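Taking it in order: structure first as structure tokens, then the write-up.
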Amino acid sequence: MILALTANGPGEFAGWVRPLLTALYQRDPALDVRVFCVPDDYASGFEAEYARGLFPRATVYTPGEYLRFALGRGLDGLPARVDRVQYLGGDLMHAARLHDRLGGTATAYKFSRKKYAARFARVFAVDEANRKQLESWGVPAAKITIVGNLVIDGALGEAAGAFGGEADADAARDGVIFFPGSRKYEIEENFPLFVRAAVQLRRRLPGVPIAFARSPFTGDKELGAALARAGARRAYGVPAVLAGDGASFEAAGERFALVRAAMRAAQSARLAVSLPGTKVIELATLGVPAVVITPFNMPEVAVINGPLQYIDRVPFAGVAVKRAAVVAVAKRFRYFAQPNIDAGREIDLELRGTQLPSRMAHVAAERYADRAWLAETSTALRGLYAAHAGAAGRMADALLEDVPQ
């Protein structure tokens, strides 16, 4: 069987592609997988390298190679036809374009639109709420299969050491682990903010292990430059120096470990401090309470869907317009942390708005010391996604079945 799939950014590759391909290869080691990294504002540029490193048997195409193919050119070694085209992130139009060129059976995960209702033979849903959402988008009920959240299997696998990281296991034991993001603007502006908060937290909690999750989608050059620059003025950062091996950095006389297998380290941590995103779901899977930070210090650098993403490039008024648009959109959401959204209540603590490192450190120290809150939150988080375990296996089994076109 030949399977082609599309994916875009760090969250999709780590949270969806990684567990699904692991399950597929466990069932069919000879499976011919073609991974197409599609162009996307959420992408880091390291997705192809990441996928090749984890899955050397797969053939991985860069966004540039995909674009050439989408525009009608050929790719060496790519079959004229595949058996499956699976959407796993990015704009749905990319999966549709691959399906136009490669044929086979098209399927999607979590997302669809009315114009694709006839194209997708099956859409895999995360849960009942997602099933209803898909039906509202025009997907016939008979085409929807609930498999669960793929992110959960990715988190459990990483915590168990399935993707390496033994050296990271004790980096944050009974301590605090920071997740400052993986996108370019997050590394440049939010990472420095989190660094200063960590420096202040260490002074509040002397002797407590504090580590940082190091995204596999960020290179040493980019991370080192961001740490040295310490972000823009409103990031309130502090200059830091990346170690030569990329495994730690030093800031204001304090040294912090950088862990690559973040969930391997996080499972023994007492508390996490994180931006919203896939990592918060992974932390919830392991029962790790989090203080979730949504900083509006520089909202104009955030990536948002639609044409307003590029309005900041308009001279004079562009930055102000995008800043106002991001803040206005954010006000529509009660929660930003996905576990809170899924639970319909605040489980993880959320801080939103302009963030000061001192405030972040103060709140983190308070929560670190609150044993009752930690225990209650951990129990609630573990129960939230327990039923989703095995989603990757269920989806892999379905993909390896014959699905009528």
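Values as computed for the structure displayed
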{"item": "Contacts under 7 angstrom Cβ, first residue in the range 320-335 being closer than 13 Å to G353 by Cα, partner open to solvent by 80 Å² or more (accessible area, probe 1.4 Å) and small (G, A, S), 6 or more apart", "result": "none"}
{"item": "Given (1) in contact (Cβ under 8 Å) with a residue 24 or more places away in the chain; (2) at positive phi; (3) open to solvent by less than 20 Å² (accessible area, probe 1.4 Å), index of the condition V147 fails", "result": "(2)"}
{"item": "Test: residue in the range 344-362 that is more than 27 Å from V199 (Cβ to Cβ), open to solvent by 70 Å² or more (accessible area, probe 1.4 Å) and hydrophobic (A, V, I, L, M, F, W, C)", "result": "no"}
{"item": "In the range 6-21, the residues that are open to solvent by 40 Å² or more (accessible area, probe 1.4 Å) and of a type in the set (S, T, Y)", "result": "none"}
{"item": "Test for V292: is it at pLDDT 95 or above and crowded, with 23+ Cβ neighbours inside 10 Å", "result": "yes"}
{"item": "Output for the range 150-161, where each listed residue is under 14 Å from L286 (Cβ atoms) and surrounded by 16 or more Cβ atoms within 10 Å (Cβ to Cβ)", "result": "V151, I152, D153, G154, A155, L156, G157, E158, A159"}
{"item": "Residue in the range 256-284 that is nearest to the chain's Cα centre (by Cα), counting only those that are open to solvent by 10 Å² or more (accessible area, probe 1.4 Å) and among the polar types (S, T, N, Q)", "result": "T278"}
{"item": "Selected residue (only one of T59, T6, T22 is farther than 19 Å from A108 by Cα and among the β-branched types (V, I, T))", "result": "T59"}
{"item": "Which listed residue is modelled with pLDDT of 90 or more and under 27 Å from Y385 (Cα atoms), from G164, G219, G207, G181", "result": "G181"}
{"item": "Neighbours by Cβ (under 7 Å, 6+ apart or cross-chain): first from the range 36-56, closer than 20 Å to F163 by Cα; second in a loop (DSSP other than H, G, I, E, B) and modelled with pLDDT of 95 or more", "result": "A48/T62; A51/A58"}
{"item": "Within the range 235-271, tally of residues that are of a type in the set (D, E) and either touching an Asp or Glu at 6+ places or on another chain (Cβ under 6 Å) or touching a residue at least 40 places away in the same chain (Cβ under 8 Å) (or both)", "result": "1"}
{"item": "Residues located in the range 94-106, provided they are in contact with a strand residue (DSSP E or B) (Cβ under 8 Å, 6 or more places away or on another chain) and outside any loop (DSSP other than H, G, I, E, B)", "result": "H94, A95, A96, L98, H99, L102, T105, A106"}
{"item": "Residue that is surrounded by the fewest Cβ atoms within 10 Å (Cβ to Cβ), among those in the range 75-128 that are under 26 Å from the mean Cα position of the chain (by Cα) and among the β-branched types (V, I, T)", "result": "V126"}
{"item": "Single condition G253 does not satisfy, out of (1) open to solvent by 60 Å² or more (accessible area, probe 1.4 Å); (2) at pLDDT below 95", "result": "(2)"}
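The values are calculated or read from the model by the stated rules, or taken from the named source; none is laboratory data. Just so we're clear, the structure is a prediction, and the values are computed from it rather than from any experiment. Using ideal geometry, Cβ is built from the backbone for each residue, glycine included, and neighbour counts are taken over all protein chains shown. Heads up: the accessible areas ignore ligands, DNA and RNA and are worked out on the full protein's heavy atoms, side chains in. Shrake-Rupley method; radii C 1.70, N 1.55, O 1.52, S 1.80 Å.
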